[in-house]
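What follows draws every value from the coordinates through simple rules; no lab data is involved. Here the structure is a predicted model, which means the values were calculated and not measured. All Cβ positions, even for glycine, are placed from backbone atoms using ideal geometry, and neighbour counts span all protein chains on display.
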């Protein structure tokens, strides 16, 4: 008898050790998973850098690069200072009450997301916390991506500091509010209206796209973009192959972006100990993403090729394909994703033309690709996905996905983007911080702002100076 | 609509895509295939017209 008890005790101890080992493995897997999404998402920025510089004329190529790189750099500390805190503080809205899931509200945000006081322990190296840093890092990359979406639309005439202020408002505040409201288990758009936006079609892309529209209205078009009769001219960038390659890099990086939208087991905010979930706690698999992202990319390219035959619009179509299906990448059937993305690819260029005919000079089509198609994607899920659980658990916990809820979400995302974009750029314009003077724009921003030459051996009067 | 009686993922242990367990996925696959073929046909036609202009 004693021998049997001893044997049982040994077996229990072995099981406990095994269970502890599995938990450690899970924790390390989760940490590695999110860590790897960060360099993947930095590829998005390599893409934005390439496509913005390619879309710029020779005289502006480096200043577009400087603007883009600097926005990325300012996103990280500002998201650390307050963006991360905003995400956790306001899911239930203002004034920041705690939500039913118990992971939101001012008190919670103060405890985990501030770089001082008690929260500091979760905002720096901590031997007992393998989640906060990588989760923060992934979100900081979402923020940087959001700001970079606006960046391309305003090239060749915006002031650097004015642009950085706008980027901070967008990347470390506006989209974060949208994420808190619609991309969090306690978000009021989710709990009250059943909003579902798995891959952030609305809360990242639409917010950024319509923020850019608000800025463009105050910024005005580039000199020479429109004729006296209001007709538009095409201002070609200096390097279309670079632009197209950049767009392809953005597509590569979006695999990391969407991978980071998955909540895997083993970290502090995991929904389950044994399976991945969306940020809403509903099921998701990486296989689902593989099926649907690939089909969406293909559908978007084919749809835009049909009428444009233009590699710029084809690669923009790839991006539009992903964005148009992003809200429901977890539950679309691959052929549905293809068809929706195909339709997005078809409407892309006409939507961009419509905007241009109203005097908006969006140099890279960001308002259309991200804004219009982002809202299209949110609403599409309301049409196709009605009745599906929006949040983890039974339907009684929150409304299921529904058309009205998706439309309300789309309207909120439009306003969260457009209003701050318009208001802040209007204030910057009042203080003379939005647009560079006409003479400098004509001379070229590289000559005015950048002590370097993009292509010193041709066409840019690069002086030969003594080496220091 | 959610293809199970209870609108909860706890009752699902298989396909999780929209319209699972119906014939709809097959129809969507068929439509997607038709789109691919149609786009190639239209693309060939318009490209042939454009290239012809350079032969004249």
Next on the checklist: Neighbour counts of other C-beta atoms within 10 Å: give me A:51, B:4, A:108, A:280 arranged from fewest to most.
Outcome noted: B:4, A:108, A:280, A:51
Item to check | Separation of the residue A:442 and residue A:161 label points, Cα + 7 Å toward Cβ, nm | outcome: 2.6 nm
Checklist entry - Just how far, in whole angstrom, is segment B:14-52 from segment A:271-326 if you go by their alpha carbon centroids? => result 16 Å
Item to check | Estimated FRET transfer efficiency when R0 is 25 angstrom, pair residue A:66-residue A:415 (beta carbons, to 0.05) | outcome: 0.20
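Can you classify chain A as rounded, prolate or oblate using the Cα gyration tensor, where a ≥ b ≥ c are the square roots of its eigenvalues, rounded means a/c under 1.5, and otherwise it's prolate if a/b beats b/c and oblate if not?
On the way: a/c = 1.91, a/b = 1.64, b/c = 1.16.
Cα axes put chain A in the prolate bin.
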Checklist entry - Against the longest principal axis of chain A, how steep is helix A:132-153, in degrees 0 to 90 to the nearest 10, with axes from Cα atoms? => result 20 degrees
Item to check | Burial ordering of A:70, A:242, fewest other beta-carbon atoms within 10 Å first | outcome: A:70, A:242
Checklist outcome for this item: Relative to chain A, whose Cα atoms define the longest principal axis, helix A:207-219 and its Cα axis are tilted in degrees, nearest 10, by 20 degrees
Checklist entry - Which whole-angstrom value gives the distance between the alpha carbon centres of segment A:363-387 and segment A:99-162? => result 25 Å
Checklist entry - Applying 1/(1 + (r/R0)^6) with R0 = 45 Å to the Cβ-Cβ distance of residue A:97 and residue B:21, what FRET efficiency is obtained, to the nearest 0.05? => result 0.65
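In what sequence do A:32, A:308, B:22 fall when counting other Cβ within 10 Å, fewest first?
On the way: A:32 14, A:308 18, B:22 10.
Ascending number of Cβ neighbours within 10 Å: B:22, A:32, A:308.
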Checklist outcome for this item: In deg cm²/dmol, rounded to the nearest 500, the helical mean residue ellipticity at 222 nm of the protein assembly as shown, built from -39500 (n - 2.57) for every DSSP H run of length 4 or more, is -19500 deg cm²/dmol
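Where a ≥ b ≥ c are the square roots of the eigenvalues of the C-alpha gyration tensor, would you call segment A:1-101 rounded, which needs a/c under 1.5, or, failing that, prolate if a/b is larger than b/c, or oblate?
Verdict is oblate for segment A:1-101.
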Checklist entry - How far is it, in nm, from the label point at residue A:427 to the one at residue A:17 when both lie 7 Å from their Cα along the line to the Cβ? => result 6.2 nm
Item to check | Amide N proximity, segment A:139-176 versus residue A:223 label position 7 Å along Cα-to-Cβ, cut-off under 14 Å | outcome: A:156-158
Item to check | Pairwise centroid distance, computed over Cα atoms, of segment A:184-202 with segment A:1-47, Å | outcome: 30 Å
Checklist entry - Tilt of helix B:24-53 relative to the longest C-alpha principal axis of chain B, in degrees (0 to 90, nearest 10)? => result 10 degrees
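Classify segment A:95-197 as rounded, prolate or oblate, taking a ≥ b ≥ c as the square roots of the eigenvalues of its Cα gyration tensor: rounded when a/c is under 1.5, otherwise prolate if a/b is larger than b/c and oblate if not. Don't jump to the answer; show the numbers that get you there.
Values: a/c = 2.26, a/b = 1.38, b/c = 1.64.
It is oblate, given that a/c is not under 1.5 and a/b is not larger than b/c.
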